[in-house]
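The next block holds one structure in the form of structure tokens; read it before the comments.
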Amino acid sequence: MSGRGRRARWLVVVILAVVLTGTWGESTLWAQPTDAAQDGFVPMDEIPPEEELPAAPLVMTAYAVAWAIVIGYLWTIWKRLGNVEKELADVGRRVSAGDRAGTGA
Amino acid sequence: MTRRLFPVLAGLSLLFFVGAPVLIVRAPYESTMGLVQKIFYFHFAGWMAMFLAIFVLGIASIIFLFRRIRSADQLAVAAAEQAVIFGLIGLITGPLWGVKAWGVWWQWDARLTMAVILELILVAYLLLRQYGGPGSDRLAAGLGIFAMANVPFLYISTEIWRTVHPRTSVVPTLPVDFGLPLWWSVAGFVVICLAMLSARRRLEEQRATLDELYLALEDEA
């Protein structure tokens, strides 16, 4: 590529960059700040609807928590009862084996 | 007895828990709180089940302290665990309701603070039983009676101190549309509390039998 061709290409790139920067800058760099509080916070009397917490997820979470706690607790009782009954059967066998050995002797 | 009682209670509680969502969905919206007020049906029922468990704990603790009946102590341990479980449901569902109704998750007012203290007393009871060593059963029985004595104060706290929490007059004056799902849920929670209590008591009985067997083994050795 000749020197003139290279310069012409650079010129196109620079013009494009200036146009794009200007377009972007128009919306951001030189845009005026919003009316978000800078000098002090003032309380609001009424919350706009879009700022309010939706109730449905809270209700569903509350019911899910209640169910999860009850079912989880029942599961722990069932698990603990199973372990104790298993141990009970094991110790019971050892006691009766000891009794038989004692009687045999 | 426990083996026969548990399936009946479990079946009944299933019936209540299947019916409760239908009644709760059909219940009208409360005018100031809207949909989030529907948490009330499980929240209040959870506390009622907790109070029942605490009364069982307290009475069983009195019987154990004065009569030394071992089965009463087993019932007290089982009831203390139920009370912690239902208290936890109340303490979690309450803030979920409060954040929408009051705009804050938590408020250190008399009712809420007393509820937390009661839950901590019950947790202390269980910790004492778990790690207290010899003699902790009698000490824990005293704590169980103390927990029971707290319940009436907790209940009337909204009448004595004006708090953000709804007052006790709300429930007796509920219209039928609100009352039916509420009392259905309370019945469901009470039945499931009794079902879990019978299963948990069986666990304590089995543990006692296991201890006796280990002692018998030691004697043989």
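The values are calculated or read from the model by the stated rules, or taken from the named source; none is laboratory data. Source: prediction; values computed, not measured. As a convention, Cβ positions derive from the backbone with ideal geometry for all residues, glycine included, and neighbour counts pool all protein chains shown. Ligands, DNA and RNA are stripped out before the accessible areas are found, and what is left, the full protein with its side chains, is counted by its heavy atoms. Shrake-Rupley method; radii C 1.70, N 1.55, O 1.52, S 1.80 Å.
I'd like the full set of residues that are open to solvent by 40 Å² or more (accessible area, probe 1.4 Å) and not in a helix (DSSP H, G or I), limited to the range B:92-119.
Within the range B:92-119, B:102, B:103, B:104, B:105, B:106, B:107, B:108 qualify.
Please enumerate the residues belonging to the range B:2-14 that are more than 12 Å from chain A (Cβ to nearest Cβ) and free of Cβ contacts under 8 Å to residues at least 40 places away in the same chain.
Across the range B:2-14, the qualifying residues are B:4, B:7, B:8, B:11.
Considering the range B:88-121 alone, what residues qualify as being in contact (Cβ under 8 Å) with a residue 40 or more places away in the chain, within 18 Å of residue B:54 (Cα to Cα) and within 14 Å of chain A (Cβ to nearest Cβ)?
B:89, B:90
Using beta carbons and a limit of 6 Å, which pairs, at least six apart or on different chains, have the first residue in the range A:81-95 and within 7 Å of chain B (Cβ to nearest Cβ) and the second one among the small types (Gly, Ala, Ser)?
That search, which allows pairs on different chains as well, returns A:95/B:216.
With respect to residue B:134, is the statement that it is farther than 30 Å from residue B:97 by Cβ and assigned to a loop (DSSP other than H, G, I, E, B) true?
yes
From the set of residues in the range B:141-179 that are in a loop (DSSP other than H, G, I, E, B) and charged (D, E, K, R), which is farthest from residue B:58 (Cα to Cα)?
Applying the filter and picking the extreme gives B:162.
On the given criteria, is residue B:50 in contact (Cβ under 8 Å) with a residue 40 or more places away in the chain and within 11 Å of chain A (Cβ to nearest Cβ)?
So residue B:50 fails the test.
I'd like the residue in the range B:49-74 that is among the aromatic types (Phe, Trp, Tyr) and open to solvent by less than 60 Å² (accessible area, probe 1.4 Å) and, out of all such residues, is farthest from residue B:185 (Cα to Cα).
So the residue we want is B:64.
Scan (1) out of contact with any Ser or Thr (no Cβ under 7 Å at 6 or more places or on another chain); (2) surrounded by 16 or more Cβ atoms within 10 Å (Cβ to Cβ) for the single condition residue B:46 breaks and write down its number.
It fails just one condition, (1).
All but one of (1) surrounded by fewer than 18 Cβ atoms within 10 Å (Cβ to Cβ); (2) within 13 Å of residue B:58 (Cα to Cα) hold for residue B:122; which doesn't?
Checking residue B:122 against (1) surrounded by fewer than 18 Cβ atoms within 10 Å (Cβ to Cβ); (2) within 13 Å of residue B:58 (Cα to Cα), the one that fails is (1).
Within the range B:128-142, work out how many residues are open to solvent by less than 50 Å² (accessible area, probe 1.4 Å) and either at pLDDT 90 or above or among the charged types (D, E, K, R) (or both).
Of the residues in that region, 7 qualify.
So which residues in the range B:4-43 are farther than 22 Å from residue B:112 by Cα, aromatic (Phe, Trp, Tyr) and surrounded by 14 or more Cβ atoms within 10 Å (Cβ to Cβ), if there are any at all?
Once the filter is applied, which keeps residues that are farther than 22 Å from residue B:112 by Cα, aromatic (Phe, Trp, Tyr) and surrounded by 14 or more Cβ atoms within 10 Å (Cβ to Cβ), the range B:4-43 yields B:6, B:16, B:17.
Can you report the number of residues in the range B:20-46 which are touching a Gly at 6+ places or on another chain (Cβ under 8 Å) and more than 12 Å from every other protein chain (Cβ to nearest Cβ)?
The number of residues fulfilling the criteria is 0.
Identify, from the list B:187, B:221, B:216, B:199, the residue that is under 30 Å from residue B:10 (Cβ atoms), of a type in the set (Gly, Ala, Ser) and within 13 Å of chain A (Cβ to nearest Cβ).
Only one candidate passes the filter, namely B:199.
Given the conditions (1) assigned to a helix (DSSP H, G or I); (2) in contact (Cβ under 8 Å) with a residue 40 or more places away in the chain, and given that residue B:63 satisfies all but one, which numbered condition is not satisfied?
(2)
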